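The values are calculated or read from the model by the stated rules, or taken from the named source; none is laboratory data. These numbers were taken from a predicted model, which means no experiment stands behind them. Cβ placement follows ideal geometry from the backbone for every residue including glycine, while neighbour counts extend to all protein chains displayed. Note: areas computed on protein heavy atoms with side chains; ligands, DNA, RNA excluded. Shrake-Rupley method; radii C 1.70, N 1.55, O 1.52, S 1.80 Å.
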Amino acid sequence: MNMNGPVKMSRSERFQTCQEIAARLHDVYKEKILAIGVYGSISRGTDGPYSDIEMFCVLEETGEEIEFSYEWSAGPWKAEVNVCSADVLLNTAATVEDDWPLTHGPFFSPLSLYDPKGFFETLKKAAESPSQEEFTENINGILVGEMYEFIGKLRNVNLDGPHTYLPYLAMQFAQYGAMLIGLHNGKLYSTGAKVLPEALELPHRPAGYDQVARLVMEGDLTDPVKIVTACEAFWDGLQEWAAQHHYVIHSERIPF
């Protein structure tokens, strides 16, 4: 058995492995299966020679909520199969969270291996169902729960150190900034590897975001002054952006 991690596989070989996994799922779950699909890079047709396999196995509703994953390595390749009841997956698809722009792509375009009742179309409709208020609530949550905390940590580190923490904070500013931009535009990122460059292509970006994102993408994270200056400028831009779009960072009263 290969013990050195993933090896090169062709797309056809990887898809054949998906079909073999699907056949095994049918053997195990039989008539309980409602749908089986592939998501991630394989479903998008962008899988590389070393890509892993990600699949849904959706079970008929029985009154019991089912949600667990099989995740294993066969040596030359790795796979993850999310097994869940239909109601669990539909509820997850219809829920907006902070990382929605990165996590919800699979609900819109899975590659179907078995779907006799058209479940994946229902799944897509569930993913399209959240209201603007739900997106706004999550944006407000990131602004206060993450960005406000990050700027406080940045200022503490700038005063007292250690400056070795600044590159990590810059990456957090860039990543959560991208989530804000994706949520605001209602846009999904294609993959984690492309979050920052794709965020830079979206409209309505807060002032200062581009500089922070480019510092991170270019690995230009050795100069403490440059990092602090860029993140502070982004924080200023976030406050202006929030006011312009009626998002809430500051509250005049205790909310309870």
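General observations
- Magnitude of the charge dipole, the chain, Cβ model with Lys/Arg +1 and Asp/Glu -1, debye to 20: 660
- 0 to 90° range, to nearest 10: angle between helix 224-244 axis and the chain longest Cα axis: 80
- FRET efficiency, 1/(1 + (r/R0)^6) with R0 22 Å, evaluated for GLU97 and TYR148 via beta carbons: 0.75
- Residue among GLY177, GLY105, GLY192 with the largest mean-square fluctuation in a Gaussian network model of the chain, springs linking Cα atoms under 10 Å: GLY192
- Accessible carbon and sulfur surface of the chain relative to its total accessible area, %, 1.4 Å: 52
- Beta bridges by DSSP in the chain, antiparallel share as percent, to the nearest 5: 70
- Restricting attention to the chain, the count of lysine pairs at 8 or more positions apart or across chains with alpha carbons under 15 Å apart stands at 4.
- Reciprocal mean inverse distance between Cα atoms of the range 1-126 - Kirkwood radius, Å: 15.1
- Two numbers describe the Cα atoms of the chain: Rg and Dmax, which are 21.3, 63 Å.
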